[in-house]
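As structure tokens, the structure follows; a few thoughts come after it.
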Amino acid sequence: MLKLKHLLVSTCAGALLAISSAQLVAQETVTVLHNQQDQFIRDTWDEIRRDFEAQNPNIKVQLDFMDDDAMKARLPTLLQSNAKPHLYWSFGGGDFRVRAESGLLADITDKADGLRAKIGEGAMSAFEVNGRLYGAPYRLAQVGFWYNKSLFEQAGVRSEDIETWDDFLDVVTTLKNAGITPIAAGGAERWPLHFYWTYLAMRIGGQELFDSILADEARFDNEYYIRAGQELQRLADLEPFQAGYRGTVYNEAAGVFGNERAAIHLMGEWDIGVQTSESESGEGVSGDNLGYFNFPMVEGGLGDPSATLGGVDGWAFTSGNGTDAAVSWLEFFLAPEQQRKLAAAGIIIPVANGAAEAVEDPHMQQIAENIANSSWHQVFWDQALGADVGGVINDISAELFAGEITPEQAVRRVQQAWDFR
Amino acid sequence: MKSVDIALDAQRSGRFTALKAWLYRHNTGGRLSTLLLFIPPALMVFTLLVILPIAESGVYSFYRWNGFIALSESGRWVGWQNYQFILQDPVFHRAVWNTTKIVLISLLIQLPLAMMLALSIASKSSINSLFRLVYFLPFILADVVAGLIWRFIYDGNFGLVAAITQMFGLDPFYPLADRAWAFNAILVVVVWKYFGYHMMIYIAGLQSVPNDLVEAARLDGASRLQIIFRIKLPLIMPAIKLSVFFSVIGALQFFEMAMPLVTAGGPSGSAHTIVTYLYEFGIVRSRIGFGSAVAVVLFLACAVFAFFYQRFVMARSSS
């Protein structure tokens, strides 16, 4: 009872204090919504928030968090309500474009000089729709092959020998013959499988193919995309995945890799953390034992082998909320100093100019270099195409792996969905 | 006063007395006032929350629409294309077949099983109460929880299935990852989850069967089977018809339990039901028009079934 009284008194006092201070300074609140689950990252953000508020006493920043599924489910209605945040976490890509074109986002093109001065043009363009800016990038991600060095050694293969897709298939065969499950895959969720099909299409068809598909100048049913399906099925024929992969969700697959029950995992760099936390030992495939190699080139393919598939994610301004306060918070949050701090903590691959040098973790460093050296950074294809067609791409990647569909049927199904979007 | 006015006046007052008489006849006990006072709010709520949404989804089903902003601004009229696509989609066919499978399993396995158990534990005794509780337990669990529990049971590496395959030295088996097995695995859970519910309906029915009838039949030399088939079952027919109705409607709505068991309809969508299909392709992929078309098909199926069942099966029992 005493505690309750105490609580009541302090709450009242706190409320009074808040009211009086609000009257003293006209405070503006910027609300921010993200799906970040990691407490360490949240704490780091909170430090940045405190620094910002210390420098801008008339702006208050409120960081709200939801888990990923809840946020996905609530966002469509939230964005149309008055309770919407000023800023929310978003990928660049199909959904972002639809929301911008639907007037759900705020156009901040005229206030963006400060942001543009700090962030590279390439990453910034992911948040532009029809030449107008509706948000800003926060970090980069890239998908590539993570592998277990000791399992590779055990089978007598080396990642350095993998230059082409054929080499990769040879390594898979050798691993399999050595009694090691070559690859972990979260087949139940399907998007992990679409990385294979998309990367193959990137290596075979090249940037021009992807750009002209997005511009409606090319179709999915072309020889490059069909060949990508054929190459995918060559891999599928080797039965490279852990048993029952079609019922495995991504986190479980990361666990398979983290528990050293499979040698390779094609995934973004966030997998370093996830495979660690999902492993039984809590260590995962760590330190020197974790290796990385790029998706190999495909012989006869038109694509530049340095091209990367990955993500640019960041912040979107909700309509009516592209306020000066919100922009200045984002300018502060995305400034090279903060990005360097986050990069040094191994949290992100930064987008701010000059911040990439601060990345200390060697794996993250490698990814940052890959993206910096890549001639073309393709945003996750299923995101770029939007939830609808992206979903079809994911479904069909899974069906290609299961051999339930021919490469020709596959591209026709995707084209059908694309035509009807 | 002119004579015309007098005539009009008389007509008016005549009308008034007629109205009074009509009111007197129809408003006995305030029936009409009650209707006029109480029907409009109920009707309004019903129209706003039931009729209107149904009608709206009928309209949406003819559009390609992502649901973000007003239909008039971002919707595109596509005519019957949504319906065409649904009817041609092999995944939808699979979803319909799966839903039918739930009905068949309910009728052929679940309800007979429930009936057998009900017959054996209907009489009142403390041990029977215990069994009733045990059989009813699965039904108490939330559907999502049941789904999650069975996901662990079906795990081919660590679950019960893994324990069994290891015991017999078989290769690991992953029911939920197998195109042919994923939905059958769900059917097992359906039977496990709902047989207790139907059993309870039957027990309630069986307890209302008068004992003297059973005793009289026994005195006349009827065998146990004869008592069941000639006396008990005919007397609880209304309960049976009700439980059949519930299981068919339940199958048409089957959703929550499948969600945690299989992701996005399982391997190649082989474990979709009509409602999970609607959710995946209508809501997750923000295709409100397409989802509405599925909803309309589902609504028609439900309405047609409910209508015919009420008219031809339930009605006969009341007469």
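Every number here is computed from the coordinates shown, using simple stated rules; none is lab data. For clarity, every value in this text was computed on a predicted model and none was experimentally measured. All Cβ positions, even for glycine, are placed from backbone atoms using ideal geometry, and neighbour counts span all protein chains on display.
Summing charges over all other residues whose Cβ lies under 11 Å from the Cβ of A:Asn130, with Lys and Arg as +1 and Asp and Glu as -1, gives -1. Enter the angle in degrees (range 0 to 90, nearest 10) between the Cα long axis of helix A:386-402 and the first principal axis of the Cα atoms of chain A, meaning the one along which they spread out most. Taking the Cα atoms of chain A, the angle to A:386-402 is about 30 degrees. Using the alpha carbons alone, the radius of gyration of segment B:1-92 stands to its Kirkwood radius in an Rg to Rh ratio of 1.41. Among beta bridges from DSSP that stay inside chain A, the antiparallel ones total about 65%.
Distance from the Cα centroid of segment A:162-230 to that of segment B:228-257 is 51 Å (rounded to whole angstrom). Restricting segment B:215-301 to trypsin sites (Lys or Arg not before Pro) that sit in a DSSP loop and have at most 11 other Cβ atoms within 10 Å of their own Cβ leaves nothing.
The fewest-to-most ranking of B:Val78, B:Val313, A:Val256 by surrounding Cβ atoms within 10 Å reads B:Val313, B:Val78, A:Val256. To the nearest ten degrees, helix A:165-177 and the longest principal axis of the Cα atoms of chain A are 80 degrees apart. Direction-averaged projected area, Cα convex hull, chain A: 22.9 nm², rounded to one decimal. Starting from the Cα gyration tensor of chain B, take the square roots of the eigenvalues, sort them a ≥ b ≥ c, and report rounded, prolate or oblate (rounded when a/c is under 1.5, otherwise prolate if a/b is larger than b/c, else oblate). Note, shape of chain B comes out oblate. Under a Gaussian network description of chain B, with springs only between Cα atoms under 10 Å, the residue in B:Leu113, B:Leu170, B:Leu261 that fluctuates furthest is B:Leu170.
For the peptides B:33-45, A:204-216, A:303-315, the ranking by mean Cβ contacts within 10 Å, running from highest to lowest, is A:303-315, A:204-216, B:33-45. Axis angle, to the nearest 10 degrees, between helix B:143-153 and the longest C-alpha principal axis of chain B: 10 degrees.
Cα convex hull, the protein assembly as shown: 305 Å³ per residue, rounded to a whole number. Its Kirkwood hydrodynamic radius, worked out from the mean inverse distance over all distinct Cα pairs, puts segment B:167-208 at 12.8 Å. Taking a threshold of 21 Å on the Cα-Cα distance, which of the pairs B:Lys124/B:Lys232; A:Lys149/A:Lys176; A:Lys84/A:Lys341; A:Lys118/A:Lys341; B:Lys101/B:Lys193; B:Lys101/B:Lys241 fall above it? From the list (B:Lys124/B:Lys232; A:Lys149/A:Lys176; A:Lys84/A:Lys341; A:Lys118/A:Lys341; B:Lys101/B:Lys193; B:Lys101/B:Lys241), the Cα-Cα distance tops 21 Å for A:Lys84/A:Lys341. Counting Cβ atoms of other protein chains within 10 Å of each residue's Cβ and taking the mean over peptide B:256-263 gives 2.
Highest mobility in the GNM of chain A, judged by mean-square fluctuation with C-alpha springs under 10 Å and restricted to A:Gln242, A:Gln154, A:Gln233, is found for A:Gln154. Considering only B:Gly14, B:Gly196, B:Gly266, the mean-square fluctuation computed in a Gaussian network model of chain B, springs between alpha carbons under 10 angstrom, is largest for B:Gly14. Counted over segment B:3-48 with a bin width of 10 Å, the fraction of Cα pairs per bin, in whole percents, is 24, 27, 23, 19, 6, 0.
Amide H contacts of A:Ser279 (H built 1.01 Å from N, in plane; Pro and chain starts excluded): A:Gly284 sit under 5 Å, all sequence-distant by 5 or more or on other chains.
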